[in-house]
1. Got a number for residues in the range 50-66 being among the hydrophobic types (A, V, I, L, M, F, W, C) and at pLDDT 95 or above?
2. Inspect all residues belonging to the range 80-103 and state whether any of them is farther than 25 Å from Thr14 by Cβ and touching a Pro at 6+ places or on another chain (Cβ under 7 Å).
3. So is Ile32 closer than 20 Å to Gln334 by Cβ and in contact with a Ser or Thr (Cβ under 6 Å, 6 or more places away or on another chain) or not?
4. Every residue in the range 33-56 that is under 17 Å from Asp13 (Cβ atoms) and either touching a helix residue (DSSP H, G or I) at 6+ places or on another chain (Cβ under 9 Å) or not in a strand (DSSP E or B) (or both), please.
5. Contact list please: Cβ distance under 9 Å, first residue in the range 339-354 and on the phi > 0 side of the Ramachandran plot, second residue crowded, with 17+ Cβ neighbours inside 10 Å and among the β-branched types (Val, Ile, Thr), pairs at least six apart or on different chains.
6. What are the pairs, 6+ residues apart or on separate chains, where a residue within the range 216-233 that is assigned to a strand (DSSP E or B) has its Cβ under 6 Å from a residue that is among the β-branched types (Val, Ile, Thr) and modelled with pLDDT under 90?
7. Specify which of the listed residues (Gly135, Gly156, Gly185) is in contact with a Phe, Trp or Tyr (Cβ under 7 Å, 6 or more places away or on another chain) and in a loop (DSSP other than H, G, I, E, B).
8. Give the range 70-93 a look and list any residue that's in contact (Cβ under 8 Å) with a residue 12 or more places away in the chain and not polar (S, T, N, Q), or say none.
Amino acid sequence: MAEPVQIQRLPQDTYIDAVRWLPPFSTFTRHILLAAFDSDTSTHSLRTLAFSPSQNASSLIPQSSLSVPSRITSLRTCSSTFNPSRPIIAASTFSGSLLFFTADLIHGSLSFEFSVPEKGLHNGFVPGIDLNENGSECVSVGEDGRVNLVGLAEKGGFRRVFDSNGLVSYSAVKWASPVEFVTGGVGRFGLHWWDKRKPGGPVALFKGNWTDGTTSGIVHSVDIHPSRKYTCLAGGSSGTLFAWDIRSPKESTMLSSVGLHDAPANSLVESDIWEVQYDNYTHSSKISDLSSSRILPAMTCSEDGILAVIEHGQQPIEILAEPCAINCFDIDRQNPTDVICSLEWESLAILTRP
């Protein structure tokens, strides 16, 4: 990058399990949502903070906090079509339940709406959830091999889409359209494409081997570009990042890995990739290539403390390097110059790109 990235590290008093930008209500106020765990008191909470950007020192002002019954494993937000000032929040927990909240951005408060109890939903913790675009439905996946749909209008009910009875383990999920979503799991990439209109199981499968058969690969995170809903990004074990195009279900494009002989030689990350998102701030290096098969740039964070932008066939760009793991991050959709991430050593980092 021509100009340096501004980086601010803000120590916190708790461990940060997840962090997300809340959908903005106005251009003057921005808010951050985080899931916190206090190891001294073994308490868990959901918090909102007001973000005040500044060239010298941006600030995070605590606004509200709610205690939650179990540690949060996944956190998602979306705008409400009925009230833009009250975005919808979904959180999954280690105990196996789903919790739903709304945030009042005008008064700076959090409200608990309802929960789906762990009994019958999942057997064990829920590693992956996602809200659809209009916030009417939430999909959840678990290590128990269950895939569930929760209708927010039903407030507590859910529909079982699939149950592998433990034969398949899921760890990540992302909506692709109002009726389609993709899941990632354990073993040989393990990507499944689902269609609500076609019950009984996934409509497409992708399996490959990123570890040459020596160990089982795990997909930790998946993402789908809003304008290219047929292409899925997946990040996981051994620094592996690849793209799967549903139009060519038996093929994939490897972007980064240390476990395959055909992986790019310039792979930057050598440990597990914890999260991946398409990076709308970074334009493709080949602007003239408008082919729909072109893999758009992606941002990843990893166990070895690297936040990076990766594009196929190009040198990866290191945005942040820490002496501890970067557990998760989020790119502000309305202001993609800004990125927030949680660090293993009880702190947040806010990055502003030129």
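The values are calculated or read from the model by the stated rules, or taken from the named source; none is laboratory data. Source: prediction; values computed, not measured. When we count neighbours, we look across all protein chains shown, and the Cβ atoms used for this are built from the backbone with ideal geometry, even at glycine.
1. Residues meeting the conditions: 1.
2. yes
3. It is false that Ile32 is closer than 20 Å to Gln334 by Cβ and in contact with a Ser or Thr (Cβ under 6 Å, 6 or more places away or on another chain).
4. Ser39, Asp40, Thr41, Ser42
5. So the pair list comes out as Glu346/Thr14; Glu346/Ile16.
6. Ile218/Val186; Tyr230/Ile246
7. Testing whether each residue is in contact with a Phe, Trp or Tyr (Cβ under 7 Å, 6 or more places away or on another chain) and in a loop (DSSP other than H, G, I, E, B) leaves just Gly156.
8. Arg71, Ile72, Leu75, Arg76, Cys78, Pro84, Arg86, Pro87, Ile88, Ile89, Ala90, Ala91
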